[in-house]
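Colleague: I have a structure here, written as structure tokens, and I will follow up with some questions on it.
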Amino acid sequence: MNMFSNQPRSALLSSGNTTIPGIVQADVGDRMPLLRQYLRIAMRWRYVILGTVVGCILLGLVITLLMTPKYTATATIEISRESDKVTDFQAVQREATIGDQEFYQTQYGLLKSRSLSERVATQLRLVDDPKFFEMFDGSLRTPAFELINGRYNATGHALRQRVAGQILLKNLSIDPTRLSRLVEIRFTSPDAAFSAKVANAWSENFIQTNLERKIQATSYGRNLLQRQLAEYKGRLDESQRQLVGYASAQQIINLPSQTTGDNRSTSERSIVADDLATLNAALSQATADRIQAEARFRQTNSGVSTEALRNQAINSLRQKRAELAAEYQQLMVRFEPGYPTAQALRSQIEQLDRSIAREESRVSGSLGVDYREAVGREEALRQKVDQLKANYLDLRRRSIQYNIYQQEVDTNRALYDGLLQRFKEIGVAGGVGVNNIAVVDAAEIPEKPSSPRMVLNLVIAVISGLVLGAGLALGLEQIDEAIADPAEIERRLGLPLLGSVPKVEGETPKDALLDRKSELVDAYLAIQTNLAFTTEHGVPRSFAVTSTRPAEGKSTTALALATTLARAQRRVILVDGDMRSPSVHHLGGVTHDRGLSNFLSGQDDVASLTFAMQDLGFTAMSAGPLPPNAAELLTGNRLSLLLERLLEQFDHVVIDSPPVMGLADAPLIAARVEGVIYAVESHGIRATLVKTALSRLAAANARVIGGVLTKFETRKAHYGYGYEYGYGYGRDRRDGAAS
């Protein structure tokens, strides 16, 4: 049967979070979730956090009660995108594109401009109002704010105006409504009516400044155009003088442009060109007439004349001759040619033939005259046209410079006319005054104060207290070097955790060890169980129990381990190695006249130096008489010899070693035993001191088996249910047995 089979289950549970060489164990500090670590810190420093929260709540309550009530008035305005294109004139202001946020950001900046705030202050006559400055800032003591007969000095008007504008801006907020063109203008002050008045004045002055800014922009454009008009008018006059002078010198006369019936305007042209066009048209007509007259004349010469055929007189004569000829032919049928009537008819016919011949001769002569006249007119016109062509070519050569001057005149006139049109349009645009800002809701006098808000301030105080308390807790946790939890033995000191020992209150450690159902016994049984896994032969045969400083529970640990080993049917001897402040002899009710110092000084009778602890079941050796220098006794080989002799008689030698810090005794003892158990007081010593002490033991080549956390209080550590369950299990079992 295992020698620890009768140990309570609580002892085994207590050892579940240890790290012993040779056995794979979990690091509690490493596997603990981050949230649980924060919760542990919060529970450990809960009174600091609660105190900070309560302090912040009280401070917030006091501040809230001492704060002056303030009222916030809100005016809502609508800012539309720019749409002031009244005429065709461009470039007065840039047109805003769709989704142009730059325009709105500019408007928000203008709403918070210094010039607007000073304008509002001036309009509301706040610059010279002492009540206004007292309402917001009564601590101004500059000469500009000194009252003389209840009024401010006039010399400080500019400074007061600037300060008044700053005060208004400080208490003003511009809140654009998301995804809309609405903007809320909020002003806060101790006076509800004053807040509404400032909010309304702010919106009205913003609209006025917007209109004035547009007028100023058009005024600037108008002045610029006026200067350019004067400049281009001078250029136009000069170019016209050059044009007229050159035309006079070169005798260039041009006809003005004309507008035809279909609203088409003809360009300006010279008289020579106009005459040439007219004569050229007449020449063309004369040529046509000459060709026609020539054709008629030649037709007459060929014997066939269409003019004769169309002549009425000739046609009448021919008709009459035909009638007489017909009558003559009828007479010839019945009479001879000498018949008188026939002769008379023939005489008439001959007379008609002579008349027809004369008429045809006259027509032919008339066509010849017409032909010769047409030829002469054509020749005369051709000569005149040739002369005008020469004149026109000469005019073209002389018109090159004239055209240059003319182009300059036309260019200057076009520029001047365009600027004049823009000047007229910008004057119209400046006078229209289109406003893209409108008041949606005027500010009303608020009925309830906007601040202070008790509930909100208390919520902020609670949140601030929690944040500040958490910060203090984390800070205290960082600067707190005390070992609080069993897991910190390994995490902060690098020692395997053998176990933790609860703090004993109301009874001595010896009385608690005598009660086998006590929490102290359960804890040390767990430590003994862990010691069984530290070496290949189980619990080390010789080991020392030490600590960093006195009163950390090392003597109680040595006494308890000796007791639990003795109850496990082991032969155990407890040696009091603290020859400077001995304590084991008090537990046995003897003196320390004989003990360890005697053997170290040369006495070899070991049996005479020990005494029995009958109630606890083991043998003990006191420290003996206090030597002048305990370290000198420990430097020899007498301690090693003592351990050899004691191990011949006992199974285990437990040495209650003196503290490590400040003394050389503990390293000397630790170097000669099989292992060292290091006792650390919970919430009682800094980790840096423990590390320093452990480094001294390491320098002495001592083997530190593990650490024991003494005087551990779970209610302070709030580590977890495991430790409370272990100790509680023993307590419940004891209570059940008692009942």
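The values are calculated or read from the model by the stated rules, or taken from the named source; none is laboratory data. Remember, it's a predicted structure, so these values are computed and weren't measured experimentally. Here Cβ is always computed from backbone atoms with ideal geometry, including for glycine, and neighbour counts include all displayed protein chains. Note: areas computed on protein heavy atoms with side chains; ligands, DNA, RNA excluded. Shrake-Rupley method; radii C 1.70, N 1.55, O 1.52, S 1.80 Å.
Colleague: Val704 - would you say it is at negative phi, touching a strand residue (DSSP E or B) at 6+ places or on another chain (Cβ under 9 Å), open to solvent by less than 30 Å² (accessible area, probe 1.4 Å) and β-branched (Val, Ile, Thr)?
Modeller: No: the conditions fail for Val704.
Colleague: Specify the residue that is farthest from Arg362 (Cα to Cα); the eligible residues are those in the range 322-350 that are open to solvent by 80 Å² or more (accessible area, probe 1.4 Å) and touching a residue at least 12 places away in the same chain (Cβ under 8 Å).
Modeller: Top of the filtered list is Glu327.
Colleague: Still on this structure, please answer the following. So is Ser601 modelled with pLDDT of 90 or more and over 20 Å from Ala558 (Cβ atoms) or not?
Modeller: Values: modelled with pLDDT of 90 or more: yes; over 20 Å from Ala558 (Cβ atoms): yes.
Spelling it out, Ser601 is indeed modelled with pLDDT of 90 or more and over 20 Å from Ala558 (Cβ atoms).
Colleague: Ok, one more. Regarding Leu633, is this residue farther than 18 Å from Ala702 by Cβ and either open to solvent by less than 10 Å² (accessible area, probe 1.4 Å) or aromatic (Phe, Trp, Tyr) (or both)?
Modeller: no
Colleague: Here is a list of conditions, (1) of a type outside the set (Phe, Trp, Tyr); (2) open to solvent by less than 50 Å² (accessible area, probe 1.4 Å); (3) in a helix (DSSP H, G or I), and Val183 meets all of them except one; can you say which number that is?
Modeller: With respect to (1) of a type outside the set (Phe, Trp, Tyr); (2) open to solvent by less than 50 Å² (accessible area, probe 1.4 Å); (3) in a helix (DSSP H, G or I), Val183 is out only on (3).
Colleague: Somewhere in the range 355-373, is a residue closer than 30 Å to Asn315 by Cα and at pLDDT 80 or above?
Modeller: yes
Colleague: Would you mind stating whether Ala249 is at pLDDT below 80, out of contact with any helix residue (DSSP H, G or I) (no Cβ under 6 Å at 6 or more places or on another chain) and open to solvent by 70 Å² or more (accessible area, probe 1.4 Å)?
Modeller: When the stated conditions are applied, Ala249 passes them.
Colleague: Can I ask one more? Mind checking which pairs have a first residue in the range 113-137 that is without any contact (Cβ under 8 Å) to a residue 24 or more places away in the chain and a second that is part of a loop (DSSP other than H, G, I, E, B) and open to solvent by 50 Å² or more (accessible area, probe 1.4 Å), Cβ under 9 Å, 6 or more apart or different chains?
Modeller: Every condition considered, the pairs that remain are Pro130/Gly150.
Colleague: Here's something else I'd like to know. Return yes when Gly494 is on the phi > 0 side of the Ramachandran plot and open to solvent by 30 Å² or more (accessible area, probe 1.4 Å) and no when it is not.
Modeller: Judged against the criteria, Gly494 is a match.
Colleague: Which residue, of Asn403, Asn457, is under 30 Å from Leu59 (Cα atoms) and at pLDDT 75 or above?
Modeller: Unique residue meeting the criteria: Asn457.
Condition check ((1) open to solvent by 10 Å² or more (accessible area, probe 1.4 Å); (2) of a type in the set (Val, Ile, Thr); (3) at pLDDT 95 or above; (4) farther than 21 Å from Lys517 by Cα) across all residues:
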position: Asp656; (1), (2), (3), (4): no, no, no, yes
position: Leu663; (1), (2), (3), (4): yes, no, no, yes
position: Leu668; (1), (2), (3), (4): yes, no, no, yes
position: Leu689; (1), (2), (3), (4): yes, no, no, yes
position: Ala693; (1), (2), (3), (4): no, no, no, yes
position: Ala699; (1), (2), (3), (4): yes, no, no, yes
position: Thr714; (1), (2), (3), (4): yes, yes, no, no
position: Arg733; (1), (2), (3), (4): yes, no, no, no
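Colleague: If a residue has to be out of contact with any Pro (no Cβ under 6 Å at 6 or more places or on another chain) and part of a loop (DSSP other than H, G, I, E, B) to count, how many in the range 581-602 make the cut?
Modeller: First, the residues of the range 581-602 that are out of contact with any Pro (no Cβ under 6 Å at 6 or more places or on another chain): 581-591, 593-596, 598-602.
Keeping just the survivors that are part of a loop (DSSP other than H, G, I, E, B) gives 581-583, 589-591, 593-595, 601-602.
Looking only at that region, the number is 11.
Colleague: Looking only at the range 58-110, filter to residues that are more than 20 Å from Thr188 (Cβ to Cβ) and of a type in the set (Lys, Arg); which one of those is modelled with the highest pLDDT?
Modeller: Checked the range 58-110; the qualifying residue modelled with the highest pLDDT is Arg81.
Colleague: For residues in the range 672-687 being β-branched (Val, Ile, Thr) and at pLDDT 85 or above, which is farthest from the chain's Cα centre (by Cα)? Don't jump to the end; show me each part of the working.
Modeller: Start the filter on the range 672-687 by keeping residues that are β-branched (Val, Ile, Thr), which leaves 673, 676-677, 680, 685.
Then drop every residue that is not at pLDDT 85 or above, which leaves 673, 676-677, 680.
Details: Val673: 68, Val676: 61, Ile677: 60, Val680: 53 Å.
For the range 672-687, the residue satisfying everything is Val673.
Colleague: Does Thr546 satisfy the condition of being in a helix (DSSP H, G or I) and hydroxyl-bearing (Ser, Thr, Tyr)?
Modeller: No.
Colleague: Same structure, new question: Identify the single condition in (1) within 30 Å of Glu408 (Cβ to Cβ); (2) within 33 Å of the chain's Cα centre (by Cα); (3) of a type outside the set (Lys, Arg) that Leu224 does not satisfy, given that it satisfies every other one.
Modeller: Here Leu224 clears every test but (2).
Colleague: Please go through the range 603-626 and pick out each residue that is open to solvent by 30 Å² or more (accessible area, probe 1.4 Å), in contact (Cβ under 8 Å) with a residue 24 or more places away in the chain and part of a loop (DSSP other than H, G, I, E, B).
Modeller: Asp615, Gly617, Pro625, Leu626
Colleague: Here's something else I'd like to know. Among the residues in the range 574-583, are any surrounded by fewer than 19 Cβ atoms within 10 Å (Cβ to Cβ), among the acidic types (Asp, Glu) and in contact (Cβ under 8 Å) with a residue 12 or more places away in the chain?
Modeller: The answer is no; no qualifying residue exists.
Colleague: Among the residues of the range 154-180, how many are over 16 Å from Phe132 (Cβ atoms) and either among the charged types (D, E, K, R) or open to solvent by 40 Å² or more (accessible area, probe 1.4 Å) (or both)?
Modeller: 10
Colleague: Of (1) surrounded by 19 or more Cβ atoms within 10 Å (Cβ to Cβ); (2) within 15 Å of Thr710 (Cβ to Cβ), Ala473 satisfies all except one. Which?
Modeller: (2)
Colleague: Just to check your reading of the model, which residue among Lys448, Lys503 is among the basic types (Lys, Arg) and closer than 30 Å to Thr72 by Cα?
Modeller: None of the others qualify; the one that does is Lys448.
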